[in-house]
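Accompanying notes for the structure given below.
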Amino acid sequence: MPNESLERYKFLHDSNSQQLLAPKKMLDIATGIATGMEYLHQGCNQRILHFDIKPHNILLDYSFNPKISDFGLAKLCARDQSIVTLTVARGTMGYIAPELYSQNFGGVSYKSDVYSFGMLGFEMASGRRNSDPRY
């Protein structure tokens, strides 16, 4: 993608960040990600649970429109199925929902992606990595 991934633009103190985007542009990107997730969860014939929503997996086109990528950990389920069973945790630390690595691990839903989106949104708003021990 022409503007690479969101990872390139969102952190204040990261030598890999080329530039920070204006707050309005970040809001537009976040809204686009939410729209894409809504399509994955509600708009397809089968529900798609991504399980790895993170900056590196959000690609940006020429106009900075976000595209959700990397469906390697994704799981398909019926639209009327609210809970899916997993045998191993899926995702990236810092973005993975607590229910994916808890002792009661087993049943998860699209809400795991919503949690990951929330962590991504926190990073976009703060300009800091949620896993940075300095904060």
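The values are calculated or read from the model by the stated rules, or taken from the named source; none is laboratory data. This structure is a prediction, so every number in the text was calculated from the model and none was measured. Glycine gets a Cβ as well: all are built from the backbone with ideal geometry, and neighbour counts include every protein chain shown.
Condition first: surrounded by fewer than 16 Cβ atoms within 10 Å (Cβ to Cβ), farther than 16 Å from Ser112 by Cα, at pLDDT below 95 and out of contact with any strand residue (DSSP E or B) (no Cβ under 7 Å at 6 or more places or on another chain). Can you find one or more residues in the range 49-69 that meet it? Within the range 49-69, none of the residues are surrounded by fewer than 16 Cβ atoms within 10 Å (Cβ to Cβ), farther than 16 Å from Ser112 by Cα, at pLDDT below 95 and out of contact with any strand residue (DSSP E or B) (no Cβ under 7 Å at 6 or more places or on another chain).
Here is a yes/no grid of residues against (1) among the β-branched types (Val, Ile, Thr); (2) closer than 21 Å to Ser131 by Cα; (3) in contact (Cβ under 8 Å) with a residue 40 or more places away in the chain:
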residue: Asn65; (1), (2), (3): no, no, no
residue: Ala74; (1), (2), (3): no, no, no
residue: Ala78; (1), (2), (3): no, no, no
residue: Val84; (1), (2), (3): yes, no, no
residue: Ala89; (1), (2), (3): no, yes, no
residue: Asp113; (1), (2), (3): no, yes, yes
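Yes/no per residue for (1) within 15 Å of Glu7 (Cα to Cα); (2) of a type in the set (Gly, Ala, Ser):
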{"site": "Tyr62", "(1), (2)": "no, no"}
{"site": "Ser69", "(1), (2)": "yes, yes"}
{"site": "Gln81", "(1), (2)": "no, no"}
{"site": "Gly94", "(1), (2)": "yes, yes"}
{"site": "Arg128", "(1), (2)": "yes, no"}
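The residues on offer are Gly121, Gly36, Gly91, and the sole one that is in a loop (DSSP other than H, G, I, E, B), within 15 Å of the chain's Cα centre (by Cα) and modelled with pLDDT of 85 or more is Gly91. Residues in the range 94-111 that are under 19 Å from the mean Cα position of the chain (by Cα) and not in a loop (DSSP other than H, G, I, E, B) were compared, and the one that is nearest to Arg129 (Cα to Cα) is Pro98. Once the range 13-33 is narrowed to residues that are touching a helix residue (DSSP H, G or I) at 6+ places or on another chain (Cβ under 8 Å) and over 15 Å from Phe117 (Cβ atoms), the residue that is modelled with the highest pLDDT is Leu21.
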